[in-house]
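Just below is one structure, and these are the notes that go with it.
The values are calculated or read from the model by the stated rules, or taken from the named source; none is laboratory data. As the structure is a prediction and not an experimental result, all values here were calculated from the model. Please note: Cβ atoms are built from the backbone with ideal geometry, for glycine as well, and neighbour counts cover all protein chains shown. We work out accessible area using only protein heavy atoms, side chains counted, and drop any ligands, DNA or RNA first. Shrake-Rupley method; radii C 1.70, N 1.55, O 1.52, S 1.80 Å.
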Amino acid sequence: MSTPREPGAPGTDPGTSDGSGPAAPPGAPFEETPWRRLDPRTLLVHCGWMAAPLGSLALTALATGGRINTEAWITLAAISASFAVLTTLGLIRWARTEFRITIPRRGEGAGGASPTFDVRSGLLTRRLRSVPLHRIRTVDLTATPVHRVLGVTVLRAGTAGSGDGSSELSLEALAVPEAERLRTELLAYADAEAVANDPVVARINWRWLRYAPLTFWVIGGVFVAAGGAYRALDGIGIEAWKLGFVQRAFTEFGASALWLTIPAALVAILALGSVGAVVLYVENWWSYCLEWTDSRTLRVRRGLLTTRAVTIERARLRGVVLREPLLLRAGGGALVRAVAGGLGNREENRKRSGLLPPAPRAEALRVAGGTLRSPFPGSAAPAALTPHPRVALRRRRVRGLLFVVLPGTAVLAGLGAAFTPVLLHCAWIYALITTALSLWLARDAYRNLGHGLDGPYLVARSGTFSRDTVALQRDAIAAWTFSTSPFTRRAGLVTLTAAVAAGDDGYRIPDLPAADAPGFATTAAPGILDEFLVHPGPAPVPGQRSR
């Protein structure tokens, strides 16, 4: 969180010409340090947005044989005007953005002052944000391909309480050596004591590439890419369905034997999706290294085109999640994510919380333990988790039959009765296959349910399409939520959610016995529910009236 500087503190006078502020008076608690500016190449980074519209114009010119219509000239004029405006705004922003680290003086005048990271910016309204260094939790360096070509990077400093990203300090763009030095300065007040064991938790192993295609995006990613290409062509006036080779491909596909062409098309989609998944895996996890830079700071470095270095303070690390999507679990793999504060909003947290790419499950357990500095809870004896009542299995079977089997069967049967008897055969085949699949998935989802306590950690496991096992520090739990519906109340079940100021903000334990949930919550995090619990009193004496 940003804290305003006290009136009269050095460096708060915006009227100075050099931006360094007036000289510090004798006895001032802070030493005067010069303001620093962003790298001038920031202006070139702001021009990167021109690549998409200029590329569209180039494609249009190629598709039309070099003829540019009136709409294209209007677009080019709009791009030129936007370039002039944005470049001017970028120049002003660069000139008006400054930062420095303010160190308290030694001696009696320092009092309780602490070092601060100061950033002042603004076009019309000047804004000074001064953050004590001890509140900075993460310092990340992110460089897109444009940044890497120009030799600059973006520095983001996450602070305590910056879960929504509103309190995050961002500097774009800094020269890479300057950004590295600034990150070192910002983290200098962390405990720099050497780690007793090997500080490197994990490095990339390219044999893990075999796990890249084990994701649902192998198929979905192909259609997402095709949809993006279609929208891009449509945006520049090219109708993909009218292209000659596209029409010929559909004509030949329909004229061929479908029992051969349909499996061939599926194989082609799987092949393209697998290649895309491997390429994304390499781009995201190139030069991956997970290490403890000191005894209180965990850092993840990765990326080929867009590089990312995420640092997590140990004090903000609330646990880890062992995630096993269905296909990856079938291949014996898993991945690991951190439950930590200061990683931004949900979208930023999803991008920055990854600690391990898809890898063997044994490696995932080892990395999870190395992150917690203790064996991952439940890794030695997974069956030690408390199972859930059998009524939870019945609920999952009923949901599968009601929401998957019944609607599809009814639609196919209705269409068959109205149009063709072939769909009636499709209806009973669909019902047979989806019933077996739903019952199998319901059984798997029920077997994955479990919860328990392991020393300082609350352990919860659930899910079938993605089985997640979360190990959460018990002292990090801030609140409990008990959720029920008419169906769960009738079954005597409740969903218990542990609220934490980190990660996804809440972690669910579905379908607990309603009678056991309050006791488990009280044992896991004492003191939160005490005022809401009703403790049984002594048995009433016969003949005595109760009040």
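Please count how many residues of the stretch 197-252 are part of a loop (DSSP other than H, G, I, E, B) and either open to solvent by less than 40 Å² (accessible area, probe 1.4 Å) or modelled with pLDDT of 80 or more (or both). Before the answer, list the steps.
The initial filter retains those residues of the stretch 197-252 that are part of a loop (DSSP other than H, G, I, E, B), namely 197-199, 204-205, 212-216, 236-239, 243.
Still in the running and either open to solvent by less than 40 Å² (accessible area, probe 1.4 Å) or modelled with pLDDT of 80 or more (or both): 199, 204-205, 212-215, 236, 238.
Residues flagged as part of a loop (DSSP other than H, G, I, E, B) and either open to solvent by less than 40 Å² (accessible area, probe 1.4 Å) or modelled with pLDDT of 80 or more (or both) within the stretch 197-252 amount to 9.
Among the numbered conditions (1) open to solvent by 30 Å² or more (accessible area, probe 1.4 Å); (2) under 25 Å from Arg302 (Cα atoms), tell me where Pro387 comes up short.
(2)
Exactly one of (1) within 23 Å of the chain's Cα centre (by Cα); (2) open to solvent by 60 Å² or more (accessible area, probe 1.4 Å) is unmet by Pro358. Its number?
(2)
Any residue that is of a type in the set (A, V, I, L, M, F, W, C), in contact with a His (Cβ under 8 Å, 6 or more places away or on another chain) and open to solvent by less than 80 Å² (accessible area, probe 1.4 Å) - is there at least one of those in the stretch 421-441?
Just the residues of the stretch 421-441 that are of a type in the set (A, V, I, L, M, F, W, C), to begin with: 422-424, 426-429, 431-433, 436-437, 439-441.
Among the residues that remain, those that are also in contact with a His (Cβ under 8 Å, 6 or more places away or on another chain) are: none.
Within the stretch 421-441, not a single residue is of a type in the set (A, V, I, L, M, F, W, C), in contact with a His (Cβ under 8 Å, 6 or more places away or on another chain) and open to solvent by less than 80 Å² (accessible area, probe 1.4 Å).
Kindly establish whether Ala498 is among the hydrophobic types (A, V, I, L, M, F, W, C), open to solvent by less than 50 Å² (accessible area, probe 1.4 Å), within 17 Å of Pro456 (Cα to Cα) and assigned to a strand (DSSP E or B).
yes
Looking for something within 30 Å of Pro377 (Cβ to Cβ) and among the small types (Gly, Ala, Ser) - is there at least one such residue anywhere in the stretch 422-444? It would help to see each step written out before you state the result.
The first filter runs over the stretch 422-444 and keeps only residues within 30 Å of Pro377 (Cβ to Cβ), leaving 440-444.
Subset that is among the small types (Gly, Ala, Ser): 442.
Checking the stretch 422-444: at least one residue is within 30 Å of Pro377 (Cβ to Cβ) and among the small types (Gly, Ala, Ser).
Quickly run through the stretch 261-297 and pick out the residues that are among the aromatic types (Phe, Trp, Tyr) and open to solvent by 50 Å² or more (accessible area, probe 1.4 Å).
Let us first name the residues in the stretch 261-297 that are among the aromatic types (Phe, Trp, Tyr), namely 281, 285-286, 288, 292.
Selection gives Trp286 alone.
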